[in-house]
Amino acid sequence: MRIIGGEWRGIALAAVGKGDQGKHLRPTTDRVRESLFNVLQGGKLGDPITDACVLDLFAGTGALGLEAVSRGAKTVTFVDDGRVAGTLIRDNIRKTCGPKRAKLIKADATRLPQNSDAPYDLIFLDPPYGKSMGQKALSLASQNGWIAPEALIVWEENTPQVAPEGFTQLDQRKYGDTWMTFLEVAGAET
């Protein structure tokens, strides 16, 4: 795994090794990340990356959030409660942007507390496949002030996702066995 584009293009990220089966650690492949960021920077969705504050829920290795910062996002906050994921994210922060532009919150994304910081502009939601955790995390993030009114949400799953109440689907793409669903807060202007 490596950073695909931007400031840290080509930097190898920490190896997943045996991963963490209990937490269903499953990094987004380089190819899927490249395709995703081509969509994000392709114009149809505007420019959701430049100067964005990014929230990476179920962050795993942190590859999605770090790719966004490498391509111009201002900061990234990672949320993951896995021990292995925490180690990988901290290692990957050290290899790339450092702690001034990235932080890790060791928490279960389905139990997010009230957000005390500014809400986030770009949200990556990559829950364990088939566990029905994404909708719960998204709902809680919205209720607890993590999602800005104009935010773009990118939801990765192994099946196409339907926009939950309060959200509007903008686009949906399939890459192999991965589905990317692009959402915005209902009523947001695009």
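A few remarks follow.
- Zone of Asp177's modelled label, taken as backbone nitrogen in the range 128-142 under 12 Å from a point 7 Å along Cα→Cβ: 129-130
- Summing Cβ point charges (Lys, Arg +1; Asp, Glu -1) relative to the Cα centre of the chain gives a dipole of roughly 780 debye.
- Bridge type composition, the range 1-118 - antiparallel percent by DSSP, nearest 5: 20 percent
- The range 34-185: antiparallel DSSP beta bridges as a percent of all, rounded to 5: 45 percent
- What the Cβ-Cβ distance of Gln114 and Arg90 gives, at R0 = 30 Å and to the nearest 0.05, is a FRET efficiency of 0.75.
- Look at Phe182, Phe78, Phe167 and count the other Cβ atoms within 10 Å of each Cβ; fewest to most, that gives Phe182, Phe167, Phe78.
- Spacing of the two label points (7 Å from each Cα toward its C-beta) at Thr159 and Lys106, in nm: 3.4 nm
- Linear extension gain, Ala188 paired with Val39, 0.36 nm per residue minus alpha-carbon span: 51.7 nm
- Listed residue (Ala109, Thr75, Ile11) projecting farthest to the positive dipole end of the chain, Cβ model: Ile11
- Normalised contact order of the range 78-190, rounded percent, pairs of Cα under 8 Å and 6 or more residues apart: 21 percent
- Its Cα gyration tensor gives the range 34-185 an equivalent ellipsoid, and the semi-axes of that ellipsoid, as √(5λ) in whole Å with the largest first, are 20, 18, 16.
- Relative contact order for the chain, counting Cα pairs under 8 Å that sit 6 or more residues apart, in percent: 17 percent
Read-outs: derived from the displayed coordinates by stated rules, not from any lab. None of these values were measured; they are calculated from a predicted model. We place every Cβ from the backbone using ideal geometry, glycine too, and count neighbours over all the protein chains shown.
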